[in-house]
Structures are given as structure tokens and as C-alpha cells.
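Shown next, in C-alpha cells, is the structure this report addresses.
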Amino acid sequence: MTGATAKAMLLVEPQRFSATSFAIPEVEAGGWLAIEATGVSGSDVQIWQGTNRFMRYPLIPGHEIVGRIASVVDEAFNIPIGTRVVVESTIRCGACRRCLSGLHSCAFRKPINAYGRLPSTEPPSLWGGFAEFLYLDPGARLHPISDNIQAPVATFTHALADGFTWTVETPALRAEDSVLILGPGPRGLAALIAAKEAGAGWVGISGLTEDSDRLTLAKELGADMVVDARKADVAGSVADSLGARPEVVLDVTRDDPDAIHTALDLVRSGGTVVIASIKGVRAVNQLFSDIIVLKELNVRGAFGASSAGYHWAAQHLEKDPRLDKLVSHEFPLDEAERAIEAAAGLLGHEELIAVAVTF
Ligand SMILES: [Zn+2]
């Protein structure tokens, strides 16, 4: 790789991309990945908007990465060069207190040791999926994925891994449990798929009018209830469909602090609320914590996916042909900003499911 360069779309500051080239340096450990596709998530939209106040710029966004191993140092990762892999979004140093506690938010690098979230001032700069090459840190976790899957479709492994972690692992979902998902974006749809596969008895999902294509797809994917929260009362719709309150409520809305109220109100007493979305600079107003006490709720914050979640997702992707249509929009690298605008719904919402940058 010596002497090679990588084109990248660098987010210099919120809402200002710059097409840049980085020299690919010699590294002492880890390796390099030739990126094939990178999915665009709601958190990428927030980083672009500047509403995630923990981020430091400049950075190369993109954490839903699929590519082929281009080079490694000393047979790192024990996977042959040329193998197509999904790279877990978060990097684990394995030695910090968070890693030793089994959390996914390693604090070895700031603000967080994760792809698409590290500033490019951190050597060797190439930490994001909106670039031709990615540095494979020795703490990166790779999952081989079949060549038969189109690269953009393979980026959905990331959402599926999150969906599995947040609806099955985190709340310790049991067969026949009921799950309400707030937000029908890629992670909401992935959570629906994972919950159904895990044997959930009922899965409902709520969205807004602009999510109509996603809600239609949710129905096709087996949702027992879909509701447009602009047109119908979510609580009433859940009561009509389920006849009870759900054991688990997952918040994967984007920029919606009110979803916390909905989740706490609608979950069953003794149930679990999983909050997996960043509210950025927006506070949850008028939150009275007594509801958590009096309903004896389990409230969990969730960041990133477990390796078991990725393992499940990579296997599931190969056997579920319904996932082929989940990536609705693809853009080349130099149109990364349009890709983010598309994911944000700023280019129109028609037939919007999930977005990827392809190489
Ligand atoms: Zn760590």
C-alpha cells in the first residue's frame, strides 16, 4: 500500500464536505480495507447536521462499512487478503474499563473509538466509510460475508446487528413477548426483522406520514401493527391491536425527544425501554421520573451492536431475500452529501428505505 492514496469526502465542519486525498501510510499493526459500500444512517445525518454535540471535526463520516481486506500486518485478523468483510462500527481496545465491562463504547480514543466518529487528525486519518480505504485497527472486528450479496445490501448487516442487539439481547427478549418500535428507519425495520426471527409474539412499529413507504414495507416484513403517528393515536392503535401494553419499547426515532415520553407511557409495568437514539442538543421536556419508579421500569441506553449481533446479522442476510430491496438509493463517493441529504429525507421521501454510498 506504500505510496498509494485514498480519495475521501472529509466533513470539515457541519454541512461542509471537502473532496480530499489522503496518503496511505505504512502502519505497524492492523491493516487496510478497500471499501466497496458504506450505508448512511441517521447518526451520519446528525453528524453532518452538527446536532451530535459529542463530535469533533474534521472527520470522514460513515460507519456502516463493507469492503475487501487489501493488506494486513503480520496476518492480523486471521482472514485472507481479498476476503469481503463487514467491519463492526465500534473498535475495542480490550483494555479500557468500558471494554472490560462488555460495553460497545470504547473510550481508548476520543470522542469515541468508533468508525465514522473519529476526527481525521487522529492518525492514520482514514477512520470513515466515505473514503476509498479504511484503516483496520487491531481492535477492529471483522465478519466475512458472501460474495453473492451485493455490497450495498451487505451494508444492511450493520442495521440488522443493531436491531438484534437492541431488541433481542438488551431487553433479554423472550418468545411471545410484544415489542413496540418507535421509528421505521433502517434500524427500526431491522429491529422488526430481528424481533420476529427471535419469536416475538407481537411487533408494532410507528412512524410519520413521510415514512409511508417504510411503514408499508414494515407490514410486508411481518409487523402486526403499523401506525402513522401524525394521523392516528399510537396508544390507541397499540391497545386496539395488542389489547395490552408491550413488554419492550425501542426508541430508534431521529431527533425526537418526545419519543421518550411515548416509550415510558406505553410500555407495560415491569417492562423495558431501550433508548438507542441520540437526541443531540434537544432536551426531553417535562420528564417526571416517577413514572419509571411507579411502573418499575427497566430503562436501558444502547450504543452499537454486539459481536454476537453482527454474527447473527451476517448469517441472516444470506438467507433472507426480502433484504435485497432495503437499500433504495445509491450514490457515488463524490455525491456523499447528496447521500446524506437523501437519508435525511431532504431529496423527497418517495420510496426511501435505506441509502448507501458505493465505490
Ligand atoms: Zn476500550
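Assorted remarks:
- GLU64 outside the structural domain of ILE278 (by TED's automatic domain parsing) and exposed (fewer than 14 other Cβ atoms within 10 Å of the Cβ): no
- Odd one out for GLY116 among (1) away from the ligand (no atom under 16 Å from the Cβ); (2) more than 20 Å from the chain's Cα centre (by Cα); (3) at pLDDT 95 or above: (2)
- Single match in SER237, SER241, SER277 (criterion: touching a helix residue (DSSP H, G or I) at 6+ places or on another chain (Cβ under 9 Å) and of a type in the set (Ser, Thr, Tyr)): SER277
- Restricting the range 37-61 to residues that are open to solvent by 40 Å² or more (accessible area, probe 1.4 Å) and farther than 19 Å from PRO123 by Cα, the residue that is modelled with the lowest pLDDT: ARG53
- Top-ranked residue of the range 211-264 - restricted to ones that are under 23 Å from the mean Cα position of the chain (by Cα) and basic (Lys, Arg), ranked as nearest to VAL327 (Cα to Cα): ARG214
Here's the yes/no breakdown for (1) surrounded by 19 or more Cβ atoms within 10 Å (Cβ to Cβ); (2) small (Gly, Ala, Ser); (3) at pLDDT below 95:
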{"site": "LYS219", "(1), (2), (3)": "no, no, no"}
{"site": "ALA223", "(1), (2), (3)": "yes, yes, no"}
{"site": "VAL227", "(1), (2), (3)": "yes, no, no"}
{"site": "ALA232", "(1), (2), (3)": "no, yes, no"}
{"site": "VAL238", "(1), (2), (3)": "yes, no, no"}
{"site": "SER241", "(1), (2), (3)": "no, yes, no"}
{"site": "ALA244", "(1), (2), (3)": "no, yes, no"}
{"site": "VAL249", "(1), (2), (3)": "yes, no, no"}
{"site": "VAL252", "(1), (2), (3)": "yes, no, no"}
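- Residue in the range 78-101 that is nearest to ASP147 (Cα to Cα), counting only those that are touching a residue at least 24 places away in the same chain (Cβ under 8 Å) and either within 16 Å of the ligand (Cβ to nearest atom) or not assigned by TED's automatic domain parsing to the domain that holds VAL153 (or both): GLU88
- Any hit, the range 11-27, residues being buried (at least 23 other Cβ atoms within 10 Å of the Cβ) and assigned to a strand (DSSP E or B): yes
- Residue match in the range 260-269 (condition: of a type in the set (A, V, I, L, M, F, W, C), under 14 Å from ASN298 (Cβ atoms), in the same structural domain as GLY188 (by TED's automatic domain parsing) and free of Cβ contacts under 8 Å to residues at least 60 places away in the same chain): yes
- Sole residue being over 16 Å from the mean Cα position of the chain (by Cα) and assigned by TED's automatic domain parsing to the domain that holds ILE149, chosen from SER289, SER328: SER328
- Given (1) modelled with pLDDT of 95 or more; (2) within 30 Å of PRO257 (Cβ to Cβ); (3) not in a loop (DSSP other than H, G, I, E, B), number of the condition GLY129 does not satisfy: (3)
- If you go through the range 102-113 and keep only what is surrounded by fewer than 18 Cβ atoms within 10 Å (Cβ to Cβ) and near the ligand (Cβ under 8 Å from one of its atoms), you end up with ALA107, PHE108.
- Test: residue in the range 68-77 that is within 16 Å of the ligand (Cβ to nearest atom), buried (at least 17 other Cβ atoms within 10 Å of the Cβ) and outside any loop (DSSP other than H, G, I, E, B): no
- Tally, over the range 138-161, of residues that are closer than 18 Å to PHE303 by Cβ, in a loop (DSSP other than H, G, I, E, B) and open to solvent by less than 30 Å² (accessible area, probe 1.4 Å): 2
- Wholly within the range 244-359, strands (runs of 3 or more DSSP E) carrying at least 1 residues that are touching a Lys or Arg at 6+ places or on another chain (Cβ under 7 Å): 272-275, 327-332
The values are calculated or read from the model by the stated rules, or taken from the named source; none is laboratory data. Only a predicted model underlies this, so the values are computations on that prediction, with no experimental measurement involved. When we count neighbours, we look across all protein chains shown, and the Cβ atoms used for this are built from the backbone with ideal geometry, even at glycine. To get the accessible areas, we keep the full protein, side chains included, count just its heavy atoms, and leave off ligands, DNA and RNA. Shrake-Rupley method; radii C 1.70, N 1.55, O 1.52, S 1.80 Å.
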